[in-house]
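A.B. asks: Let me begin by handing over the structure; questions about it come next.
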Amino acid sequence: MSVAQTLLGLLESGPRYGYDLKRAYDERFGRDRPLHYGQVYSTLARLLKNGLVEVESVEPGGGPERKCYTITDAGVTDVEHWLAQPEKPEPYLQSTLYTKVVLALLTGRAAAEVLDAQRTEHLRLMRELTRRKQQGDLADKLICDHALFHLEADLRWLELTAARLGELAKEVRR
Amino acid sequence: MSHALFSEAPMTGGRPDAPPLLYGVDLHKAFGPSRALDGASLHIRAGEVVALMGPSGSGKSTLMHCMAGIVRPDSGRIVYRNDDLTTMSDADRSALRRTEFGFIFQFGQLVPELSCLENVALALRLGGARQRAAEAKAAEWLETLEVADVAAKRPGEISGGQGQRVAVARALAADPSVIFADEPTGALDSLNGEKVMDLLTASARRMGTAVLLVTHDARVAAYSDREVVVRDGRTREGEPS
């Protein structure tokens, strides 16, 4: 999962300090694997260098200065592009997809389109595998079947999530 | 032995630049207060396999029934070649279904009193073929679908997978331009379902027959050239691949 784009997406709702960003990330996406502070600040430094965020204000304190970050137009475009780009279908991608769906809902984008783009991409790969199966020997068939069943399971998750989008939207906006 | 016609079956069908063979535009259909179709549109080209997908109650079966001329939409147009199905008389639509369209349902819907051979031959007899010619062609189709050994048996004496292959033979034997298949593997296990889909799509593509496939099964949809998703009575077409 892309930590950079997720942090950018979280910044879309308003400027935040690095500490607040980490907390928001951990609360929504990092329950099992919270971010290290070092990772948050190094990611923000890279986003700053690339012009995707700006420092809105600096608060001097006893220790290091606290910087408040805000997303730039280029940053919004970057999130937009990331959300629109389907993930390469592979098993166990749900956490990335889940993040995309939640971020789309949080930022007022069409989460159903994120799911639809992914469904199209999954089916495209399933077609490819089905053709390979039709032309291949038994070993090919078995290898393709293994991948097809995994992709089918993903698709079921996509269907179910699409059916629960309204419910999820209420929950994430609470 | 495989049918010689299908020895070089292409793996995909339907030229993207070809005009649609059958299309429906802005279709609406309500059953009492329930709106089954709410502006759905769909097209299919000769030799193309299109999967209609969507959650239960989304309108995909109603859309297929409208496209097949079984149900008349409340509004919108459905055009097959140059004929508008929505303005045709019931008798003309029945004739069109008999001569141009083929149907496969979840449970084969074979005539239980007839043998498998007679079931397939019946479709040809209804199209005007003589009995001997119809039976010879039916036997050939049963062989193509790899169920020649059940020709003399009645539907009640064969397995679900065999029955579904007989149903595919019956649908293809009359040489239709479009086959409408509603969950054709819904009652079969994975292996039999795969066999039916392999034979159905390979035969249809080779003959240039369009197949409109209603399914909720992604592995069945993966045999199509593209999918159309139906949600709340509206359609969204996927990219061809």
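The values are calculated or read from the model by the stated rules, or taken from the named source; none is laboratory data. This is a predicted model, so every value here is computed, not measured. Using ideal geometry, Cβ is built from the backbone for each residue, glycine included, and neighbour counts are taken over all protein chains shown.
A.B. asks: Looking at A:LYS88, A:LYS133, which one is without any contact (Cβ under 8 Å) to a residue 60 or more places away in the chain, over 16 Å from the mean Cα position of the chain (by Cα) and under 20 Å from B:ALA221 (Cα atoms)?
C.D. replies: Exactly one residue qualifies, and that residue is A:LYS133.
A.B. asks: Continuing with the same structure: In the stretch B:24-67, which residues are without any contact (Cβ under 8 Å) to a residue 24 or more places away in the chain and of a type in the set (S, T, N, Q)?
C.D. replies: Across the stretch B:24-67, the qualifying residue is only B:SER34.
A.B. asks: Quick check on my filter: what residues within the stretch A:133-148 are at the interface with chain B (Cβ under 8 Å from one of its Cβ atoms) and either surrounded by 14 or more Cβ atoms within 10 Å (Cβ to Cβ) or modelled with pLDDT of 90 or more (or both)?
C.D. replies: Passing the criteria: A:GLN134, A:LEU148.
A.B. asks: I've got another one for you. In this structure, is B:ALA210 at pLDDT 90 or above, over 22 Å from B:LEU117 (Cβ atoms), of a type outside the set (Ser, Thr, Tyr) and buried (at least 24 other Cβ atoms within 10 Å of the Cβ)?
C.D. replies: Criteria met by B:ALA210.
A.B. asks: Could you tell me whether the stretch B:216-227 includes any residue that is of a type in the set (A, V, I, L, M, F, W, C) and surrounded by fewer than 23 Cβ atoms within 10 Å (Cβ to Cβ)?
C.D. replies: no
A.B. asks: Taking the stated definitions as given, is A:ARG119 over 30 Å from A:TYR25 (Cβ atoms), at pLDDT 90 or above and within 10 Å of chain B (Cβ to nearest Cβ)?
C.D. replies: no
A.B. asks: May I pose another question? Of all helices (runs of 4 or more DSSP H) completely enclosed by the stretch B:127-241, which ones contain at least 2 residues that are over 22 Å from B:SER61 (Cα atoms) and within 13 Å of chain A (Cβ to nearest Cβ)?
C.D. replies: Ranges flagged: B:190-207.
A.B. asks: Specify which of the listed residues (A:TYR41, A:TYR69, A:TYR37) is on the phi < 0 side of the Ramachandran plot and in contact (Cβ under 8 Å) with a residue 40 or more places away in the chain.
C.D. replies: Matching residue, one of A:TYR41, A:TYR69, A:TYR37: A:TYR69.
A.B. asks: Suppose we keep only residues that are surrounded by fewer than 18 Cβ atoms within 10 Å (Cβ to Cβ) and of a type in the set (Ser, Thr, Tyr) within the stretch A:15-35. Which one would you say is modelled with the lowest pLDDT?
C.D. replies: A:TYR19
A.B. asks: Among the numbered criteria (1) out of contact with any helix residue (DSSP H, G or I) (no Cβ under 6 Å at 6 or more places or on another chain); (2) at pLDDT below 95, which single criterion is violated by B:ALA9?
C.D. replies: Here B:ALA9 clears every test but (1).
A.B. asks: Let me ask another. Where the second residue is of a type in the set (S, T, N, Q) and the first is surrounded by 18 or more Cβ atoms within 10 Å (Cβ to Cβ) and lies in the stretch A:105-127, which pairs have Cβ atoms under 6 Å and are six or more apart or on separate chains?
C.D. replies: A:ARG124/B:SER241; A:ARG127/B:SER241
A.B. asks: Right, B:ALA46: surrounded by 15 or more Cβ atoms within 10 Å (Cβ to Cβ) and modelled with pLDDT under 95 or not?
C.D. replies: yes
A.B. asks: So, one more: Looking at the stretch A:129-174 only, could you name the residues that are in a loop (DSSP other than H, G, I, E, B) and more than 30 Å from A:THR107 (Cα to Cα)?
C.D. replies: Within the stretch A:129-174, A:GLY136, A:ASP137 qualify.
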